[in-house]
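Engineer: Structure in structure tokens, see below.
The values are calculated or read from the model by the stated rules, or taken from the named source; none is laboratory data. Since the model is a prediction, treat every value here as computed from it, not as a measurement. For accessibility, only protein heavy atoms count, side chains too; no ligands or nucleic acids. Shrake-Rupley method; radii C 1.70, N 1.55, O 1.52, S 1.80 Å.
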Amino acid sequence: MASGKLAVDLMPGFSGDIDADVLRVGEVKNAFPGLEPRERNSIGSRSMRARAGNGGAMLTFTVGDGTIEIKAVGSRQ
């Protein structure tokens, strides 16, 4: 996505790998419980390489300018 807010709603109990990047201006917001870094220091303000559960399918999200918000389905954030 070129610019704007990308909302990623994950089901509770989701297992998979997530790569999220904001290329220029913005941030990655993580409100999903249990999302852990795949490598040391792989979760930052503009980049995330994380794993939920036992891993699995790879989800990749990229925004030029804006916000990527990762949260559980039904959460009010």
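Engineer: Nearest 5 is fine: what % of DSSP beta bridges in the chain come out antiparallel, could you say?
Structural biologist: Around 35 percent of the beta bridges assigned by DSSP in the chain are antiparallel ones.
Engineer: Which percent of the accessible heavy-atom area of the chain goes to carbon and sulfur, probe 1.4 angstrom?
Structural biologist: Taking all protein chains in place, the chain shows 48 percent carbon and sulfur surface.
Engineer: When the convex hull of the C-alpha atoms of the chain is computed, what volume per residue in Å³ does it have?
Structural biologist: Expressed per residue, the convex hull around the Cα atoms of the chain is 78 Å³.
Engineer: For the chain, what is the accessible area per residue in Å² when the probe is 1.4 Å?
Structural biologist: 60 Å²
Engineer: Here's something else I'd like to know. Tell me, in nm to one decimal, what length is gained between F61 and M1 on full extension, where the rule is 0.36 nm per residue of separation less the Cα-Cα distance?
Structural biologist: 20.8 nm
Engineer: Additional query: Checking the a/c ratio against 1.5 first, then a/b against b/c, what shape does the Cα gyration tensor give for the range 17-60?
Structural biologist: Since a/c reaches 1.5 and a/b is larger than b/c, the shape of the range 17-60 is classed as prolate.
Engineer: Next question. With θ taken as phi - 60° and the coefficients 6.51, -1.76 and 1.60, list the Karplus ³J(HN,Hα) couplings across the range 24-29 in order, rounded to whole Hz; mark glycine and proline as x.
Structural biologist: Karplus-based 3J(HN,Hα) across the range 24-29 equals 10, 10, x, 7, 9, 10 Hz.
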